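One structure is given below, encoded as structure tokens.
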Amino acid sequence: MSDSPKDQKKKRMDELISQLVNFVLFIWLGKIILHFSIFIKDPLAILAYPGNSDSFYLAVLFIVIVLVYKSFRKQMNVLTFMESFLHVFLVASFLYEFIQVIWNDNSYAFGYLILLSVLLILFFLLFRWLTASLLIMVMLIGWSFGMWILTSIQPFVTVFGYIMEAWFVGLFFTLSLVILIYKIRKGDVQ
């Protein structure tokens, strides 16, 4: 949907794929860190099985550290990365949850599917009207606030099969709000 030239789109996609690979590796690293004693005894036992939510949380922390580091080193424009990431994350999450509801008859995925539908509609409606930073903040706050509501009314909420705890969603919401307020005071957001 971007008006950027092809070479910039390709560069964004390459960076997005690179960070996605990093995220998967960080999930593995999180599994190793959380189960280090088992990893020493039987490394394949840890790497063969999917990670749990704790490894997901560690992977999110590690990827945030990488993005902040690359941003400070001027190796990446995090704003354009996040804008590209939002496209992929919202559509991929919507398709995943749609499959969970239709094929797997997962009734708990329906609430998250509705949230993603609203966010996708908002994203595509506001894409041309808001600056990239404001659009990202609106989506982050909308996602985290919606997830917080879902965690309070459902027994559990998952993102790509990883259970989202209320503390993680609350922390994510708080950080998104603080960043938005900081950017508004700094004058980065119109």
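General observations
- Working note: 222 nm ellipticity from helices only, DSSP H runs with n ≥ 4, each -39,500 (n - 2.57), summed and divided by the residues of the chain, gives -26500 deg cm²/dmol to the nearest 500.
- Sites Phe156 and Leu61, calculated FRET efficiency, Cβ-Cβ separation with R0 25 Å, nearest 0.05: 0.75
- Annotation for region 1-70 versus region 81-129: alpha-carbon center distance of 21 Å.
- Annotation: amide H of Met164 within the under-5 Å range of Val157, Thr158, Val159, sequence separation 5 or more or interchain, hydrogens built in the peptide plane.
- Derived scalar couplings between HN and Hα for region 67-75 equal 5, 5, 4, 5, 5, 5, 7, 6, 8 Hz in order, rounded to whole Hz, by the Karplus curve 6.51 cos²θ - 1.76 cosθ + 1.60 (θ = phi - 60°), x for Gly and Pro.
- FRET efficiency estimate (nearest 0.05) - Cβ-Cβ, Ala166 to Ile38, R0 30 angstrom: 0.60
- Gain on full extension, evaluated as 0.36 nm per residue between Val68 and Phe110 minus their Cα-Cα distance, stands at 11.8 nm.
- Shape of region 58-128, Cα gyration tensor, a/c cut at 1.5: oblate
- Cleavage-rule hits (trypsin sites (Lys or Arg not before Pro)) in region 65-151: DSSP loop, at most 16 neighbouring Cβ within 10 angstrom: Arg73, Lys74, Arg128
- Listed pairs Lys6/Lys31; Lys70/Lys186; Lys31/Lys70 exceeding 32 Å between Cα atoms: Lys6/Lys31
- Diffusion constant of region 82-190 at 4 °C, which comes from Stokes-Einstein with the Kirkwood Cα-pair radius and 1.567 mPa s, µm²/s: 89 µm²/s
- Summarising the label geometry, the points placed 7 Å from Cα in the beta-carbon direction at Leu47 and Leu95 lie 2.8 nm from one another.
Since every read-out is calculated from the coordinates, none of them should be taken as a lab result. Since the model is a prediction, treat every value here as computed from it, not as a measurement. Reconstructed Cβ throughout: ideal geometry from the backbone, glycine too, with neighbour counts over all protein chains shown.
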